[in-house]
Amino acid sequence: MKLAEALQLRADLQKRMGQLAERLHQNARVQEGEKPAEDPVELLAEYEDCAGQLEELMARINRTNCETRTEKGTLTELLAKRDCLKLRVQTYHDFLMSASSLTQRGMRTEIRVFSTVPVPEYRKKADALSRQLRETDNAIQAANWTTELL
């Protein structure tokens, strides 16, 4: 199984566990004399089975990420870099949205508002970070589809 397939399976297991948890909550209590729509014991057994599969799969994914080397480092290192780049890109985007918004004045006596930074200069920095993020993500995706799960 390729790493990318394992990542898809992980997402499916996590979604399934969420659905099972919701069904457990729906069937946790009934009125006296009534039966639940689904047997909570069976739902719990299925949930525990999924949890066991997920734990094993996550350990294998983590082991594969640590041991898989690319031109730019291990997959674990690339994932950490991608996560930090995402945070940086979002912060720059939000900051530049605030810095570049202009305030309309109705009268000449109203207070003028100016940006505290040269927006075009910082926009270039944000664009460079976005490019790095795309390149890093592409390297991760390429490795995911060529790497066998350990």
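The values are calculated or read from the model by the stated rules, or taken from the named source; none is laboratory data. Not measured: the values here are computed from a predicted model. Methodologically, a virtual Cβ is constructed for each residue, glycine included, from the backbone with ideal geometry; neighbour enumeration extends over all protein chains shown. Quick note on the areas: whole protein, heavy atoms, side chains included, nothing else; ligands and nucleic acids left out. Shrake-Rupley method; radii C 1.70, N 1.55, O 1.52, S 1.80 Å.
Brief remarks on what is shown
- The trypsin sites (Lys or Arg not before Pro) of the stretch 21-130 that meet both conditions, a loop assignment by DSSP and at most 13 other Cβ atoms within 10 Å of the site Cβ, are R29, R105, R108, R112.
- In the elastic network of the chain, a GNM with C-alpha springs shorter than 10 Å, the most mobile of A99, A139, A51 is A99.
- Among M58, Y47, A37 the positive-end extreme of the charge dipole of the stretch 8-63 (Cβ point charges): M58
- Residues of the stretch 1-122: accessible area per residue with a 1.4 Å probe, Å²: 76 Å²
- Summing charges over neighbours of E5, with a neighbour being any other residue whose Cβ is under 12 Å away from its Cβ, gives +1 when K and R count +1 and D and E count -1.
- Contact order relative to length of the chain, as percent, for alpha carbon pairs under 8 angstrom and 6 or more apart: 35 percent
- Taken over the chain, lysine pairs spaced eight or more positions apart, or on distinct chains, with alpha carbons under 18 Å apart number 5.
- Overall form of the chain: oblate. Here a/c, set by the Cα gyration tensor axes a ≥ b ≥ c, is 1.5 or more, and a/b is not larger than b/c.
- Theoretical gain in end-to-end length, Q53 to V113 [0.36 nm per residue, Cα-Cα removed]: 15.9 nm
- Straightening the chain between A11 and R131 buys 40.5 nm, computed as 0.36 nm per residue apart minus the Cα-Cα spacing.
- Theoretical FRET efficiency, 1/(1+(r/R0)^6), r = Cβ-Cβ of L79 and L24, R0 22 Å, to 0.05: 0.10
- Accessible surface of the stretch 49-150, 1.4 Å probe, proportion on carbon and sulfur as whole %: 54 percent
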